[in-house]
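Below is one structure, written out as structure tokens; the observations come after it.
The values are calculated or read from the model by the stated rules, or taken from the named source; none is laboratory data. Here the structure is a predicted model, which means the values were calculated and not measured. As a convention, Cβ positions derive from the backbone with ideal geometry for all residues, glycine included, and neighbour counts pool all protein chains shown. Protein only, heavy atoms only, side chains kept; ligands, DNA and RNA dropped before computing areas. Shrake-Rupley method; radii C 1.70, N 1.55, O 1.52, S 1.80 Å.
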Amino acid sequence: MNPKGKLLIIGGAEDKGDDDSPGMANYNHQSSRLEILQTLLPENKRHKKIEVVTTASQVPDEIQKMYSKSFKKIGYTQVGFMHISTKEEAREEKFAKRLEEAKTVLFCGGDQFHISTIFGGTQLEHIIREKYKNDKDFIVAGTSAGAMAMSGIMIKEGGTEEALIDTDLKTTSGLGFIENCIIDTHFIKRGRFGRLSHAVIINPGELGIGLGEDTALLIKNGSDAICYGSGMVVIIDGKDITQTNIADTDKGSPVYVENLKVHLLVKGCRFSIKNRRLHQPAMVKLKSNGDANH
């Protein structure tokens, strides 16, 4: 069954409304200020509760200060922050109650492995999953490491060499809110094409989603994605690979591949994750409140 809720995955460094915000580096005439964060709640529901999870971060106080300022500019009036740093804390009923009442849950950046190991298998994960499956007004969101943790197979570390090296990449299990995808973030700025391609080559049934900074995909029905923000999203598809030495190469040797398919998405592009192709037509006009004009 397709989830009734929505998933918002953000490449990190999204515009937070300040002139020195990292997202401003990509700002262009087609973007609006705070565009991505404004998709967290519809215009008529800004009084509903948002819970921001800072589990991945080593500086949760700084994250709270930054997002509090941004959300105030947007007009969100009910924002909470949850820094859950252990499995024991993840089992506390007070956090479960808060998540039950939330209409949006946003996982922030830092270390994605912290998110998957602390939330995985807990009541909190179950609550978010059930709301995502059954509540059409619910959004589960992640930025940077928070976005990477949304997939079933998650990049943990490595993949930083210019050549694809057989033993260089390490993956593990994510939260699995989206199926058949592997997500990478800060994709363009940090030169991560090689590592996401590597992840797809060794998992050809998975679709690679490389999110640029200040760029996001809002996914409905578990598959129908719309691109937001000032950068681009790179989709890497390995289902039609014809040649690669990934299974035969010596340990530590470089990897090659033939017929790896790539799609580039910009603001307004629609993409079907299920069908692995752009919609026809690909582009739609986006309203300022974050809804597609269709």
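Structure above, values below:
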quantity: Single match in Ile139, Ile63 (criterion: in contact (Cβ under 8 Å) with a residue 12 or more places away in the chain, in contact with a Gly (Cβ under 7 Å, 6 or more places away or on another chain) and within 23 Å of Asp214 (Cα to Cα)); calculated: Ile139
quantity: Condition met for Phe138 (farther than 26 Å from Phe187 by Cβ, buried (at least 19 other Cβ atoms within 10 Å of the Cβ) and either more than 21 Å from the chain's Cα centre (by Cα) or among the polar types (S, T, N, Q) (or both)); calculated: no
quantity: Among (1) closer than 27 Å to Ile118 by Cα; (2) open to solvent by less than 20 Å² (accessible area, probe 1.4 Å), the one test that Lys49 misses; calculated: (2)
quantity: Condition check for Ser57: open to solvent by 20 Å² or more (accessible area, probe 1.4 Å) and within 25 Å of Lys16 (Cβ to Cβ); calculated: no
quantity: Residue within segment 264-272 that is touching a Gly at 6+ places or on another chain (Cβ under 8 Å) and not in a loop (DSSP other than H, G, I, E, B) present; calculated: no
quantity: Residues of segment 61-89 classified as in contact with a strand residue (DSSP E or B) (Cβ under 7 Å, 6 or more places away or on another chain) and part of a helix (DSSP H, G or I), total; calculated: 4
quantity: Boolean, Phe177 is closer than 21 Å to Thr215 by Cβ and either at pLDDT 95 or above or open to solvent by less than 50 Å² (accessible area, probe 1.4 Å) (or both); calculated: yes
quantity: Filter result (open to solvent by 30 Å² or more (accessible area, probe 1.4 Å) and either touching a residue at least 60 places away in the same chain (Cβ under 8 Å) or touching a helix residue (DSSP H, G or I) at 6+ places or on another chain (Cβ under 8 Å) (or both)) within segment 142-155; calculated: Ile153
quantity: Top-ranked residue of segment 151-177 - restricted to ones that are small (Gly, Ala, Ser) and part of a loop (DSSP other than H, G, I, E, B), ranked as farthest from the chain's Cα centre (by Cα); calculated: Ala163
quantity: Per-region count, segment 187-218, residues part of a strand (DSSP E or B) and crowded, with 24+ Cβ neighbours inside 10 Å; calculated: 8
quantity: Residues of segment 226-278 that turn out to be open to solvent by less than 50 Å² (accessible area, probe 1.4 Å), on the phi > 0 side of the Ramachandran plot and at pLDDT 95 or above, as a count; calculated: 3
quantity: Check on Ile128, aliphatic (A, V, I, L, M), closer than 23 Å to Ile36 by Cα and at pLDDT 95 or above; calculated: yes
